[in-house]
Amino acid sequence: MVVGDIATGTDVLIIGAGPGGYVAAIRAAQKGLDTTLVERDSYGGTCLNVGCIPSKAFITAADLADEVSNAEHMGISADPAVEMATMTEWKDGVVDQLTSGVEKLCKANQVNLLKGTATFADENKVRVAHGGEGQGSESIEFKHAIIATGSRPIQIPNFAYADEPVWSSTDALAATEVPDKLVVVGAGYIGMELSTTFAKLGSDVTVIEMLDDVLPGYEDDVSRIVRKRAESLGIEFNFGEGASGWEETDDGIVVTSETEDGEESSYEADKVLVAVGRSPVSDTLELENAGVETDDRGFITTDDRTRTNVDHIHAVGDVAGEPMLAHAASKEGIVAAEVIAGEPAAMDVQAIPAAVFTDPEIGTVGLTEAEAADNGFEPVVGEMPFRASGRALTTGHTDGFVRIVADEPTGFVLGAQIVGPEASELIAEVTLAIELGATIEDIASTVHTHPTLAEAVMEAAENAQGQAIHTLNR
Amino acid sequence: MVVGDIATGTDVLIIGAGPGGYVAAIRAAQKGLDTTLVERDSYGGTCLNVGCIPSKAFITAADLADEVSNAEHMGISADPAVEMATMTEWKDGVVDQLTSGVEKLCKANQVNLLKGTATFADENKVRVAHGGEGQGSESIEFKHAIIATGSRPIQIPNFAYADEPVWSSTDALAATEVPDKLVVVGAGYIGMELSTTFAKLGSDVTVIEMLDDVLPGYEDDVSRIVRKRAESLGIEFNFGEGASGWEETDDGIVVTSETEDGEESSYEADKVLVAVGRSPVSDTLELENAGVETDDRGFITTDDRTRTNVDHIHAVGDVAGEPMLAHAASKEGIVAAEVIAGEPAAMDVQAIPAAVFTDPEIGTVGLTEAEAADNGFEPVVGEMPFRASGRALTTGHTDGFVRIVADEPTGFVLGAQIVGPEASELIAEVTLAIELGATIEDIASTVHTHPTLAEAVMEAAENAQGQAIHTLNR
Amino acid sequence: DDTPETPGGRVFAPPAVRRLARELGVDIESVSGSGPSGRITEGDIRSKADGASAD
Ligand SMILES: Cc1cc2nc3c(=O)[nH]c(=O)nc-3n(C[C@H](O)[C@H](O)[C@H](O)COP(=O)(O)OP(=O)(O)OC[C@H]3O[C@@H](n4cnc5c(N)ncnc54)[C@H](O)[C@@H]3O)c2cc1C
Ligand SMILES: Cc1cc2nc3c(=O)[nH]c(=O)nc-3n(C[C@H](O)[C@H](O)[C@H](O)COP(=O)(O)OP(=O)(O)OC[C@H]3O[C@@H](n4cnc5c(N)ncnc54)[C@H](O)[C@@H]3O)c2cc1C
């Protein structure tokens, strides 16, 4: 609809076409709202272009190479050759397929697509600048807006991503050669996924991490399994050190680090990958023109309806803070669209699962035993180690366990920590159990296909009841 | 406890230590019952020794070889060598680990283990013959018995498993060489799993099947995907033919087949694998001494408490009929033990999932659309093809789909048919949903980790609601 | 805005039931569940809503 003669208008204006924004747009359009989606770069956002999808593609290829190189005991021997440029081309093909799919789905659902960079003019109007300089811009009036502008990699002093030897995760995921020596700064989930990948592809990987372990936020016995495996792949960890700088040498670069006490170390490398976290893309939106507030780190604060302090402007995804995960962004996007459509939607999810695609994978949801106790429950815990799982043995992947946490008096399932093969998939069943208000007995009584890894979820539940079959009960 | 001076006695006597029997034994002992488990051969029964576990081990190795041979587009190239004898040794190691685990778990739970072949003397006594001739035997009195003697491969006329070129599934799973040419008789799940495996390991595989498609019992669009993939692996199918005989030639054998109209064909081979089904091991038990009845195919008939016509004698697993699956056997074993312990247990499961470990896998549970309609529901169906799944694309496995069947007026989930990567694992979530009486909305509203294959279950549920994001809604 | 706030802590009710509570304007935290271990069911929400409108 045309409003005046300079500006067009829309019911719902969405800024950013990542998993928060494009999902919100499709759902809003499905609800019959006139919906406009503005994206300055590629459909699919960080996740599809330079995040979840490319990293998982590399992990598949790296796992295959590693697996087959170590399968002689299974009767399969091979010495695989790695062509990084081909791998990146394949990955680009996968990304293209998905991002063009997103574009098609938006169009099929009647979402108006607009290429350009949006900034707020006031609380009911954005300006969208098209392409480069002099390409013109337009104003769009909106009744509701959803900000879904995501996040970008944090830069640390002395490591400018513009410099060729310094990699952001985006650069790493566009590699055309496997670096002989790779220094990785940061042992969070992105750092660990990429360290493991490049180690499997043949890099000598050294990790520098300020804290004293990998994967902060995970329980010790979970992260230990991932660290041990990484070490067995030859990854060298240096904890308690912060990266301080780098310089070019005759053959490559040298990365320097410093402990809190000022002790210096240096590491030779071909590339240095900086993966120390991500910050919200809220500073370039001229939010002040709309009166939208952020917290002191720049995250837009929202309520359980995904509304910002300005009621008709919503924010979803990474720009709205933790958990900075694609599926959380999508869920928030759906809630935002439905709230705008006048439905009784809310972010009332009981549990948002999270996965780390290291070797082995981690899948977690809900509360740990300690958190359950802190929340006033009387936790009972059940475990099943994968080395007792027939399916795990037949795949050769037996590291890790399923742990399930329940409330003893009621039996309600409260959480699970899974580390091991397909942990990212296995967590789905426990997530559903939590959402449904299911009990340990419900999971234990449900027949699970043999032989599957999912049986370990059932066994962990039986173990919590003190009557597991394939483990000794505590 | 000693009863008289020739016979010992026990509360619960269990015959057969497969997934039906050993699980029943452990649960009975956990309930405080004096439990004796008699096994004539190896702990773990068919499943662990010559069924589920060995087949899945071979499938892992064959998949790896096949996968890496076709990964050049991903930047990984290799020409793997297959050492069948080594693969079988590895498989034997996995089996040993699991079967010795079963033995240890039985002992740790205070199950009395007895090696020998049991036959009924009367309805409260078995005779157990130890080892070979002249090794003696003993009588054991019981209050309750559980028959868990499983099944054996059906033999067809002119194909004696004793002859070296004729393979049962057991022989195939002990192979030390990959046959150049393999004829497989029967395209049920065992035939299809093994055909696929040997084709990937390098055999020229020809399948002879009496019916007109693979995998009877599955919906056409499910089995078609598996057949197409098998054909692309070079497997040649001959439907409507029954294997009629074989003879030795100068280099190998020739297998002959016949159509209903008497038309003959012949196929060169090195081995012929007969996989046409399994029959119950009930004929060697002298059941008549206990008065236990079977149906005309030899399956022992039981009620929903797993009781035979003789109240204190139960039967579980393959010997008690369909579904002849390990996890069904284990569930029945648990129910039998709990019923004997006086608990209110029953085979009241709403859904027993089933998986076929072909390429791609199949996982099914509950009702199909047609079955739902036949049962008086008003089915609504949702689908998600894996080619629209980001996770599937990053693994390179995009064949197949998730289909979910629900009752339209109530939303209750009734069933699912999954064909595709990790279908055997994905079916667990839907099984739990069915057991809990969950609705399509419950699954659709549950946050699923990105990127995972499990998202396809959520998308299928959203599709059933007419509001999928990543597929067009019908 | 008459839809109640979503509870801060755990709620033992399926998603479809939680949504129904918001739709009917029922504060789910004030509902005692009749399901296993006190799980809140669709029926619990509907009778609470009926009771409220009868008041
Ligand atoms: C290497 C890596 C691996 C990851 N792996 C996973 C994983 O496995 N699982 C997972 O759940 N998460 C993963 N993540 C995190 C995930 O990518 C993010 O949580 C997710 O992309 C957030 O979605 P979003 O929609 O909020 O923002 P984004 O995906 O960042 O999308 C924001 C979009 O907004 C556009 N934009 C920004 N400003 C403007 C503007 N002013 N005008 C117009 N357009 C604008 C951007 O161009 C971008 O396309 C990973 C991240 C990285 C970096
Ligand atoms: C190749 C193959 C692959 C398979 N794959 C799968 C799969 O992936 N998933 C699945 O669910 N199922 C699978 N099955 C089926 C599965 O193996 C059976 O359903 C399962 O083993 C049945 O368990 P059970 O306890 O009833 O009997 P069994 O496992 O057959 O065990 C019976 C035991 O009883 C013993 N016994 C028999 N008579 C006597 C006696 N008189 N005295 C003492 N001991 C006796 C036998 O020695 C045996 O150990 C497969 C089968 C085959 C052949």
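The values are calculated or read from the model by the stated rules, or taken from the named source; none is laboratory data. Given the structure is predicted, the values throughout are model-derived calculations rather than measurements. Every residue, glycine among them, receives a Cβ derived from its backbone with ideal geometry; neighbour counts consider all protein chains shown. The protein model used for the area step is the full one, side chains on, heavy atoms only, and it has no ligands, DNA or RNA in it. Shrake-Rupley method; radii C 1.70, N 1.55, O 1.52, S 1.80 Å.
Worth pointing out:
- Checking each residue in segment B:201-228 for being part of a helix (DSSP H, G or I), surrounded by 15 or more Cβ atoms within 10 Å (Cβ to Cβ) and within 21 Å of the chain's Cα centre (by Cα) picks out B:Val222, B:Ser223, B:Arg224, B:Ile225, B:Val226, B:Arg227.
- Among the candidates A:Val319, A:Val365, residue that is among the hydrophobic types (A, V, I, L, M, F, W, C), buried (at least 22 other Cβ atoms within 10 Å of the Cβ) and within 11 Å of ligand 1 (Cβ to nearest atom): A:Val319
- For segment A:103-141, the set of residues classified as within 14 Å of chain B (Cβ to nearest Cβ) and surrounded by 16 or more Cβ atoms within 10 Å (Cβ to Cβ) consists of A:Glu103, A:Leu105, A:Cys106, A:Asn109, A:Val111, listed by residue number.
- Answer from A:Gly16, A:Gly45 - the residue that is more than 14 Å from every other protein chain (Cβ to nearest Cβ), modelled with pLDDT of 95 or more, within 13 Å of ligand 1 (Cβ to nearest atom) and under 16 Å from A:Ser330 (Cβ atoms): A:Gly16
- Close pairs (8 angstrom Cβ cut-off, 6 or more residues apart or separate chains): closer than 17 Å to A:Asp270 by Cβ and open to solvent by less than 10 Å² (accessible area, probe 1.4 Å) in segment A:184-195, among the polar types (S, T, N, Q) and away from ligand 2 (no atom under 16 Å from the Cβ) anywhere: A:Val184/A:Ser195; A:Val184/A:Thr206; A:Leu194/A:Ser55; A:Leu194/A:Ser169
- For segment A:22-41, the set of residues classified as under 17 Å from A:Ser330 (Cα atoms), in contact with a helix residue (DSSP H, G or I) (Cβ under 8 Å, 6 or more places away or on another chain), more than 10 Å from chain B (Cβ to nearest Cβ) and within 8 Å of ligand 1 (Cβ to nearest atom) consists of A:Glu39 only.
- Of the listed requirements (1) among the charged types (D, E, K, R); (2) under 22 Å from A:Glu455 (Cβ atoms); (3) not in a loop (DSSP other than H, G, I, E, B), A:Asp399 misses just one: (3).
- Which numbered condition B:Met458 fails, given (1) within 14 Å of chain C (Cβ to nearest Cβ); (2) over 14 Å from C:Pro15 (Cβ atoms): (2)
- Of residues in segment C:30-54 being within 14 Å of chain A (Cβ to nearest Cβ) and of a type in the set (Ser, Thr, Tyr), the one least open to solvent (accessible area, probe 1.4 Å): C:Thr41
- Any chance A:Ala416 is aliphatic (A, V, I, L, M), within 14 Å of chain C (Cβ to nearest Cβ), in contact with a helix residue (DSSP H, G or I) (Cβ under 6 Å, 6 or more places away or on another chain) and not in a helix (DSSP H, G or I): no
- Restricting attention to segment B:152-199, the residues being within 14 Å of another protein chain (Cβ to nearest Cβ) and within 11 Å of ligand 2 (Cβ to nearest atom) number 4.
- Qualifying residues in segment B:339-359 (those that are closer than 18 Å to B:Leu33 by Cα and more than 10 Å from chain A (Cβ to nearest Cβ)) - the one surrounded by the most Cβ atoms within 10 Å (Cβ to Cβ): B:Ile340
- Pair list, Cβ < 7 Å and 6+ apart or interchain, from segment B:369-395 residues that are in the same structural domain as B:Ala406 (by TED's automatic domain parsing) to residues that are hydroxyl-bearing (Ser, Thr, Tyr) and open to solvent by 40 Å² or more (accessible area, probe 1.4 Å): B:Phe386/B:Thr398; B:Arg387/B:Thr398; B:Ala392/B:Thr398
- Counting only residues that are open to solvent by 10 Å² or more (accessible area, probe 1.4 Å) and hydroxyl-bearing (Ser, Thr, Tyr), segment B:446-474 holds 1 of them.
- One residue stands out in segment B:52-79 among those that are surrounded by fewer than 22 Cβ atoms within 10 Å (Cβ to Cβ) and touching a residue at least 12 places away in the same chain (Cβ under 8 Å): the one that is nearest to the other protein chains (Cβ to nearest Cβ), namely B:Ile59.
- B:Gly93 vs. criteria at the interface with chain A (Cβ under 9 Å from one of its Cβ atoms), more than 23 Å from A:Ala468 (Cβ to Cβ) and small (Gly, Ala, Ser): yes
- Search result, residues across segment A:328-338 that are within 16 Å of the chain's Cα centre (by Cα) and either open to solvent by 10 Å² or more (accessible area, probe 1.4 Å) or not assigned by TED's automatic domain parsing to the domain that holds A:Cys52 (or both): A:Ser330, A:Lys331, A:Glu332
- Checking B:Asp296, B:Asp304 one by one, the residue that is assigned to a loop (DSSP other than H, G, I, E, B) and either without any contact (Cβ under 8 Å) to a residue 40 or more places away in the chain or within 14 Å of ligand 2 (Cβ to nearest atom) (or both) is B:Asp296 and no other.
- Candidates B:Glu258, B:Glu248 - the one that is modelled with pLDDT of 95 or more, acidic (Asp, Glu) and in contact with a Pro (Cβ under 9 Å, 6 or more places away or on another chain): B:Glu248
- Residue match in segment B:385-399 (condition: under 22 Å from B:Ala351 (Cα atoms), under 28 Å from the mean Cα position of the chain (by Cα), open to solvent by less than 20 Å² (accessible area, probe 1.4 Å) and at pLDDT 95 or above): no
- Residue satisfying condition, being touching a Gly at 6+ places or on another chain (Cβ under 6 Å) and buried (at least 24 other Cβ atoms within 10 Å of the Cβ), within set B:Ile443, B:Ile418: B:Ile418
The rows are residues; the columns are (1) within 14 Å of chain C (Cβ to nearest Cβ); (2) among the charged types (D, E, K, R).
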| residue | (1), (2) |
| --- | --- |
| A:Ala337 | no, no |
| A:Glu361 | no, yes |
| A:Ala370 | no, no |
| A:Asn375 | yes, no |
| A:Phe386 | no, no |
| A:Thr394 | no, no |
| A:Ile404 | no, no |
| A:Gly411 | yes, no |
| A:Ala423 | no, no |
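- Segment B:461-472, subset assigned to a loop (DSSP other than H, G, I, E, B) and touching a strand residue (DSSP E or B) at 6+ places or on another chain (Cβ under 9 Å), residue nearest to the other protein chains (Cβ to nearest Cβ): B:His470
- Residue in segment A:93-102 that is part of a helix (DSSP H, G or I) and open to solvent by 50 Å² or more (accessible area, probe 1.4 Å) present: yes
- Screening A:Phe120, A:Phe142 for residues that are more than 13 Å from ligand 1 (Cβ to nearest atom) and of a type in the set (Phe, Trp, Tyr) leaves exactly one candidate, A:Phe142.
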